[in-house]
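The block underneath contains the structure these notes are about, expressed in structure tokens.
The values are calculated or read from the model by the stated rules, or taken from the named source; none is laboratory data. Just so you know, these numbers come straight off a predicted model, no measurement behind them. Every residue, glycine among them, receives a Cβ derived from its backbone with ideal geometry; neighbour counts consider all protein chains shown. Heavy atoms of the whole protein, side chains included, go into the accessibility calculation; ligands, DNA and RNA do not. Shrake-Rupley method; radii C 1.70, N 1.55, O 1.52, S 1.80 Å.
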Amino acid sequence: MSVRLFALTCGWVTGPAEAFLAGESGRLRVPVPAFLIDHPRGMVLFDSGLHPDAGRDPATRLGRAASFFDVELGDGDHVAARLAALGVDATRIRFLVTSHLHFDHTGGHASIPNAAIVVQRREWDAGHDADLAARNFFDAQNYDIGHDVVAVDGEHDLFGDGSIVCVPTYGHTPGHQSLRVRLSGGDVVLTADACYLRRTLEALHLPGVVHDPAQMLASLHRLRALQQAGARIVYGHDPDFWATVPQAPAVMG
């Protein structure tokens, strides 16, 4: 069985460094990744990046977050355009695994209309709870738009063959999840916002804004254990690390 992983850069955002590392000053420019996984039983997308209009109309597409983040998103940077450049029709994506419901991870969901969203149940529930949604800057216009939803609890083996497994990494948001992908060269863990930067994992340096710090710290320890067991860790928004990641159409593994 051959599984291929592709990294897609779907724009950039610049925001307060404190949002990524507690106590830091200034601003930090970070990539907005999405990942295509080509599996023999269907194509899978992990997160969808920014909405195509996020750069032109941030107040509408980012909501309150527009006050904190500046968006760079060219016409060819949104997820459907990135897929098209690979010769992949966005309507053919079978599963849209959603790490969590923030605007830079769900903004492109509308561009992937036929996929089933795979999300942790507690995250989906939080996205439909007025208080939790407001506290976590969730905006249902990004994610509650008519897809079939597969709400899962804890680890979830997407195809039942161990090749693509949702790994609960709660804390950043109520039901954040990462994704373990088993490639011919070994396991890769796409951490999303459970681990923004290499420094986050190496120093256990939490962001300044976290839904549940204790849970996020526990998730970082889980990611460390996976790394120590041989998995390659892909940090969620690390610009220095991202410069070393082969970009599509090159294959990550």
Checklist outcome for this item: Of the residues in region 189-206, those that are open to solvent by less than 40 Å² (accessible area, probe 1.4 Å) and over 21 Å from residue 117 (Cα atoms) number 6
Item to check | Index of the failed condition, residue 209 passing every other in (1) modelled with pLDDT of 95 or more; (2) surrounded by fewer than 23 Cβ atoms within 10 Å (Cβ to Cβ); (3) not hydroxyl-bearing (Ser, Thr, Tyr) | outcome: (1)
Next on the checklist: Can you pull out every residue in region 195-218 that is in a helix (DSSP H, G or I), closer than 12 Å to residue 233 by Cβ and not polar (S, T, N, Q)?
Outcome noted: 198, 201, 202
Checklist entry - When the residues of region 111-120 are filtered to those that are farther than 20 Å from residue 62 by Cβ and in a loop (DSSP other than H, G, I, E, B), which remaining residue is least open to solvent (accessible area, probe 1.4 Å)? => result 115
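This table checks each residue for (1) closer than 30 Å to residue 215 by Cα; (2) modelled with pLDDT under 95.
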position	(1), (2)
39	no, no
55	no, yes
83	no, no
104	yes, no
Checklist entry - Out of all the residues in region 152-183, which are open to solvent by less than 30 Å² (accessible area, probe 1.4 Å) and among the small types (Gly, Ala, Ser)? => result 154, 162, 163, 171, 175, 178
Checklist entry - Which members of region 99-111 meet the condition of being under 11 Å from the mean Cα position of the chain (by Cα) and touching a residue at least 60 places away in the same chain (Cβ under 8 Å)? => result 99, 100, 101, 102, 104, 105
Next on the checklist: If I ask for residues that are farther than 24 Å from residue 23 by Cβ and surrounded by fewer than 17 Cβ atoms within 10 Å (Cβ to Cβ), which ones from region 228-244 would you list?
Outcome noted: 228, 229, 230, 232, 243, 244
Next on the checklist: Could you check region 137-147 and list, in sequence order, the residues that are open to solvent by 10 Å² or more (accessible area, probe 1.4 Å), on the phi < 0 side of the Ramachandran plot and of a type outside the set (A, V, I, L, M)?
Outcome noted: 138, 139, 141, 144, 147
Checklist entry - Which of the strands (runs of 3 or more DSSP E) contained wholly in region 1-102 include at least 2 residues that are at negative phi and open to solvent by 20 Å² or more (accessible area, probe 1.4 Å)? => result 4-16, 27-39, 70-72, 93-97
